[in-house]
Structures are given as structure tokens and as C-alpha cells.
1. Name the one entry in 99, 128, 120, 42 that is modelled with pLDDT of 95 or more and under 21 Å from residue 14 (Cα atoms).
2. Specify which of the listed residues (18, 115) is within 16 Å of ligand 1 (Cβ to nearest atom), of a type in the set (Asp, Glu), surrounded by fewer than 17 Cβ atoms within 10 Å (Cβ to Cβ) and at pLDDT 95 or above.
3. Would you check which residues across region 149-169 are crowded, with 21+ Cβ neighbours inside 10 Å and in a loop (DSSP other than H, G, I, E, B) and list them?
4. Kindly indicate which of 73, 102, 57 is in contact (Cβ under 8 Å) with a residue 40 or more places away in the chain and either away from ligand 1 (no atom under 14 Å from the Cβ) or touching a Pro at 6+ places or on another chain (Cβ under 8 Å) (or both).
5. What number of residues in region 61-82 are part of a loop (DSSP other than H, G, I, E, B) and farther than 14 Å from residue 153 by Cα?
6. Quick check: anything in region 52-62 surrounded by 20 or more Cβ atoms within 10 Å (Cβ to Cβ) and within 28 Å of residue 205 (Cβ to Cβ)?
7. How many residues does region 87-102 hold that are in contact with a helix residue (DSSP H, G or I) (Cβ under 8 Å, 6 or more places away or on another chain) and surrounded by fewer than 20 Cβ atoms within 10 Å (Cβ to Cβ)?
Amino acid sequence: MSALLDVRGLRKSFGTTEILRGIDFSVAARELVFIIGPSGSGKSTMLRCCNRLEEPTAGQVVVDGVDLMAPGTDINAMRRQIGMVFQAFNLYPHMTALGNVTLALRKVLGKSRDEAEAIGLAALDRVGLKEKAPSYPSELSGGQQQRVAIARALALEPKIMLFDEPTSALDPELVGAVLGVMRDLKAAGMTMVVVSHEMRFARDAADRIVFMAEGEILEQGTPAEIFGNPQHPRTRDFVGELS
Ligand code: ADP
Ligand code: MG
């Protein structure tokens, strides 16, 4: 099984504080890996190192065979293959949903307006929001805005999607539709790494769960293993608190 994402010996320090203390993990094509762990354990930093939004202090990140840290690597080209969805959707308020989704297609990939709009509408369709193409972010719910942000990433045809607490900013009644989109992506074969506290979704949808604490992976396994029979006391405490 060849890994689509391979992280080896990843370390990250801010000043003299080591935040990631040697992370090793890999994600196979079509796999949905969930990352859980207490606040401050380095989950976001780890995800951000996976597209070099954060510069690792040491270690290797390889995406589909390309070493992101190698001197010759075109990091901007690689970033387009690594879709990233954050807690804050960061849509441009003065642009429509379609405008937000097509911006990079036009400005970065140099697609024509017609081509960009066709791709953008297809991406909005995948998140169930084709009819909201002309709407501005202020006219959309938080959940709809997050789905537009997912469509914006999908429009670039990423090989892998990284989600950092994609539903944490949403009112509870809006969470389900965003998780539904993620479920559809998984069914369509997308490879995904998800940092989230949605434990029911993790239980139902994840292939594997990685438990992080204090900059290290303490344990990983299937949802049944992590929720049903956690081995590490820290995992047991964390999972126990949540259920
Ligand atoms: P998590 O996502 O698991 O809550 P983070 O990766 O956001 O954890 O943060 C891990 C630790 O790194 C925290 O102690 C945080 O304060 C620290 N940290 C994150 N980003 C920076 C930064 N840019 N500069 C200094 N410290 C940071
Ligand atoms: Mg975080």
C-alpha cells in the first residue's frame, strides 16, 4: 500500500519550545484519518506542516512521492494538490460563492472565465450549493460558507484534503451538512486528514484514528480500537471524557 501522505520524523519548534517531537505517520490513498487530542497538542501545527504553511524544523513530508522539503520542489504547485479547510472559512465577502470558488482557477491557473465557472459550478454542486453560486457570503449560513470553502479547495482537484476543525465554528444544527459533504467526499474516494472533535463522525466514518498529545502520536488504530479498547492511559482519559 503506497502512502499518499508520508510524514517522517517531523519536528517543529517555536523559539526554544518544541511543539512537534518527532511525528511519523502516513495516509494511504482513499483513507480518512482522524486526528484527535487535547487542545495545544500540536494538531494544527502538524497539519500546517503538511503543506509547509508552517516550516518544519526537521523531518520529511512526502505527498504523492514528492518531498515538500526538497530544494527543487515547486511548493505552490504542491499546495494546489493539498486542499486545506480551516475552522474559519475565510471567504472574500465582496465576491459571490462562485467568485470565491473560481478565483484561484482564474488568477493562479489562468483558466478562462467560462472554463473556471464550469469547474466552479461543478465544485459547488458537489457540496450541494450550485443554486447558491450567485450568493454572497453574508447571505449564506456558516455551514454553507464552509461548504463553499470546501468547494473552493475541490475546484483545484486536490489529491488530498486536510481539514482543521471544519465544524468547530458552526452552530450545532449546521454541522451535519458539512459532515455530510465530507462523507460524500470519502465515498467518492478522496483522501482526507481530519482534525475534529466530532467523535460520532469519527466513529462512523474514519478508517483510522490518531491520538496526539504534547507533540507526539501516542496511539493510533481503528475507531473500534481507539474508542473501544484504548491502550494508552492518555487516550483512555481523552476518549473517556468525551463519551
Ligand atoms: P492544537 O491544534 O492541537 O490545539 P496547535 O498546533 O495549535 O495545537 O498548538 C500547539 C502549541 O504550539 C500550542 O502550545 C501553541 O501555543 C503553540 N503554537 C502554535 N503556533 C505557534 C506560533 N506561531 N508561535 C508560537 N507558538 C505556537
Ligand atoms: Mg488546532
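The values are calculated or read from the model by the stated rules, or taken from the named source; none is laboratory data. Note that the structure is predicted; figures quoted are calculated from it, not measured. Heads up, the Cβs are rebuilt from the backbone with ideal geometry, glycines too, and the neighbour counts pull from every protein chain shown.
1. Going through 99, 128, 120, 42 in turn, the sole match is 42.
2. None of the others qualify; the one that does is 18.
3. 155, 166, 167
4. 102
5. Here the count works out to 9.
6. Yes, because at least one residue in region 52-62 is surrounded by 20 or more Cβ atoms within 10 Å (Cβ to Cβ) and within 28 Å of residue 205 (Cβ to Cβ).
7. The qualifying residues number 4.
Residue-wise test of (1) of a type in the set (Phe, Trp, Tyr); (2) in a helix (DSSP H, G or I); (3) in contact (Cβ under 8 Å) with a residue 40 or more places away in the chain; (4) farther than 22 Å from residue 141 by Cβ.
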residue	(1), (2), (3), (4)
176	no, yes, no, no
192	no, no, yes, yes
204	no, yes, no, yes
225	no, yes, no, yes
231	no, no, no, yes
238	yes, yes, yes, yes
